[in-house]
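Data block below; observations after.
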Amino acid sequence: GQQVQQSPASLVLQEGENAELQCNFSTSLNSMQWFYQRPGGSLVSLFYNPSGTKHSGRLTSTTVIKERRSSLHISSSQTTDSGTYLCALVLNNYAQGLTFGLGTRVSVFP
Amino acid sequence: ETAVFQTPNYHVTQVGNEVSFNCKQTLGHDTMYWYKQDSKKLLKIMFSYNNKQLIVNETVPRRFSPQSSDKAHLNLRIKSVEPEDSAVYLCASSQGFQYFGPGTRLLVL
């Protein structure tokens with residue numbers, strides 16, 4: 001089965017609303033990363049967050065290793081936040097690459 | 001800031017042809033990767049490579065092969081493409097934190 005589960009699969013927001021995206025994993029991990037994928041396809045790295053809480057502008061990532069979950073919080077959403085948010089795990093070491101979830105598609109309307 | 005470069009952006013070809021995609025990183029990283037993103041949008045690792053070790057995802061067909069001239073370059077060659085190879089191919093590099101290129105979209109007719 002899928003080692004990385006993301007929820008919800010999609011989310012519709014009105015500009016200004018907050019959102020919480022979840023990432024649950026079924027295996028122990030070395031580290032994890034959150035990405036934003038633009039509609040055109042390119043990936044932007046948001047956080048490298050093996051544990052704890054990190055902030056970047058309106059985004060906050062919290063990873064709780066022992067509970068095998070990570071979350072991404074978007075505050076005061078903007079239309080430019082629309083796209084797909086992906087979480088990915090480093091399972092053993094970074095030489096083996098990332099294991100991705102299917103993502104959460106976020107649509108923000110004015 | 002773009003530090004992982006891929007060419008071409010887009011490629012259309014016919015079944016049975018050979019294609020090659022280029023990837024270069026200017027970050028000085030030791031490890032580079034190729035990922036495939038299929039029509040369901042799932043990103044899967046195909047290869048990772050550093051100057052000591054090639055790690056191949058066992059599900060990757062043998063017609064795919066990585067080619068590296070130095071640690072800044074990792075190209076992807078597909079010998080005799082098939083329709084299911086239509087996808088976006090993403091290159092990345094890492095020394096912990098992974099940086100991705102813009103991707104190459106392949107369409108096999």
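Taken about its Cα centre, the protein assembly as shown carries a charge dipole of about 320 debye when Lys and Arg each add +1 at the Cβ and Asp and Glu each add -1 at the Cβ. Here the calculated FRET efficiency for A:Ser10 and B:Glu84, from their Cβ-Cβ distance with R0 = 41 Å, stands at 0.95, rounded to the nearest 0.05.
For B:Asn17 and B:Ser39, a Förster radius of 25 Å and the Cβ-Cβ distance give a FRET efficiency of 0.80, rounded to the nearest 0.05.
Of interest is the spacing of the C-alpha centroids, which for region A:68-106 and region A:1-56 amounts to 2 Å. With R₀ set to 35 Å, the beta-carbon distance separating A:Asn18 from B:Asp70 gives a calculated FRET efficiency near 0.15.
Between A:Ser51, A:Ser77, A:Asn30, the Cα set farthest toward the positive side of the dipole of region A:10-110 (charges on each charged residue's Cβ, about the Cα centre) is that of A:Asn30. In terms of other Cβ atoms within 10 Å, B:Asp70, A:Asp81 run from fewest to most in the order B:Asp70, A:Asp81. In terms of surrounding Cβ atoms within a 10 Å radius of their Cβ, B:Thr7, A:Thr63, A:Thr80 rank from fewest to most as A:Thr80, B:Thr7, A:Thr63.
Where both residues lie in the protein assembly as shown, what percent of DSSP beta bridges are antiparallel, nearest 5? The antiparallel fraction comes to roughly 90 percent. Exposure proxy ranking for B:Met46, A:Met32, based on other Cβ atoms within 10 angstrom of each Cβ and starting from the fewest, stands as B:Met46, A:Met32. Shape of region A:27-107 from its Cα gyration tensor (a ≥ b ≥ c, root eigenvalues): rounded if a/c is under 1.5, otherwise prolate when a/b > b/c, or oblate? Oblate.
Here, each number is a calculation from the coordinates, and none is a lab measurement. None of the values given here were measured: they were computed from a predicted structure. With ideal geometry, Cβ positions are generated from the backbone for all residues, glycine too; neighbour counts draw on all protein chains shown.
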